[in-house]
Structures are given as structure tokens and as C-alpha cells.
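To keep things clear, I will list the structure first and then write my remarks on it.
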Amino acid sequence: MGKSPSDRLRQRLRDVGLRVTPARVAVARSLMMATGPLTHLEIADNLAAADVDKSTVFRVLQDLISAGLARRLDVGDHTWRYEQASSIPADTSGHAHPHLLCVDCGSVTCLEDAKVELKVPKAVGDIEEVILKGHCKPCQDSNR
């Protein structure tokens, strides 16, 4: 019988050297279940009922980033967003993917399945993030 997703998540935390605490599990699970990047406040609000305070959420996010399980995303709107760096608990490749920042509502959408090709000369350096700005589908539909 295979391990449950919660058991695999706890094991992944142990594998990267983090102690398994209820707060770490809750924050990691929140990132894992999210459909897109979340702000610190969104995560803290989601976990308020579980009695996880904002400062604990912030510390856990920093731990997850240091361990390579989460990424901090800055789309240029002065609000950090967080997402799992890889598919917790399976893959640790930490692959980056492009995001769409809606210029109307400010939502950020992961474009994991989108194929975005950039031809950047090697002399320029390495690209770490691709942020596309445009209109999300709901805003586009409401503007018609």
C-alpha cells in the first residue's frame, strides 16, 4: 500500500532536512494545492483557522525557499508571491515556468503548460523568470 500525499509531503520535508511541524506541513500543503502563486497574506488568511500566525507563515516560507521546495516570485507589483518550486513531494527539479500578470485585476496565472520560447544570446546571461503582462480571461471577457 502506497503512502498518502500527507505522508509523502512529510517525508519530503524530512528529506531536505526540515523538521516536520504542523505549520510547515500546512504552508507546504497550501502551496501544493494552490492553482497559482499566493501572497503571504493569502496563505496566512487560509491558515488562520488552523492557528498559524502571519509571522510563522513568513518564517516557514523562508525555510521552504532555502530548502528548494518553494520559490518567491516578484512580478513587479511590489507584492511577493510564493509557489511550490517543484511538484512536492515528487520532483525536485525546481523548474521555473512563465506567468501572466493581469494588468486589470493584478492576478497572476501560472503558464506551466504554455510554450514560451525566447532566443537570448548567451552573452546576455541566464533568464530566471518570464513574466508576461496582459489580460486574464475573466477581465478580457468582462471588457467585451
Need pairs with beta-carbon distance below 9 Å; first residue more than 15 Å from C102 (Cβ to Cβ) and within segment 116-144, second of a type in the set (D, E) and part of a loop (DSSP other than H, G, I, E, B); sequence gap 6+ or separate chains. V120/D126
Condition test on M32, is it closer than 24 Å to L111 by Cβ and either surrounded by 17 or more Cβ atoms within 10 Å (Cβ to Cβ) or at pLDDT below 95 (or both)? yes
Filter result (of a type in the set (V, I, T) and either surrounded by 12 or more Cβ atoms within 10 Å (Cβ to Cβ) or more than 20 Å from T35 (Cα to Cα) (or both)) within segment 102-144: V103, V108, T109, V120, V124, I127, V130, I131
Just to verify a result, which residue in segment 11-23, among those that are under 18 Å from the mean Cα position of the chain (by Cα) and farther than 15 Å from A49 by Cα, is surrounded by the fewest Cβ atoms within 10 Å (Cβ to Cβ)? V16
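Name the residues in segment 5-19 that are outside any helix (DSSP H, G or I) and touching a Gly at 6+ places or on another chain (Cβ under 9 Å), would you?
Across segment 5-19, the qualifying residue is only V16.
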Unmet requirement for R59, which otherwise passes all of (1) more than 23 Å from S107 (Cα to Cα); (2) at pLDDT below 95; (3) among the basic types (K, R): (2)
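Can you confirm whether segment 65-72 contains a residue that is modelled with pLDDT of 80 or more, farther than 30 Å from L9 by Cβ and not acidic (D, E)?
Scanning segment 65-72, I find no residue that is modelled with pLDDT of 80 or more, farther than 30 Å from L9 by Cβ and not acidic (D, E), so the answer is no.
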Inside segment 29-144, counting only helices (runs of 4 or more DSSP H) that do not spill past its ends, which hold 3 or more residues that are in contact with a Lys or Arg (Cβ under 9 Å, 6 or more places away or on another chain) and of a type outside the set (V, I, T)? 40-47, 54-66
Cβ-Cβ under 8 Å pairs, at least 6 apart or on other chains, segment 25-39 side in contact (Cβ under 8 Å) with a residue 24 or more places away in the chain, far side part of a helix (DSSP H, G or I) and among the small types (G, A, S): A26/A50; L38/S30
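The values are calculated or read from the model by the stated rules, or taken from the named source; none is laboratory data. Not measured: the values here are computed from a predicted model. Using ideal geometry, Cβ is built from the backbone for each residue, glycine included, and neighbour counts are taken over all protein chains shown.
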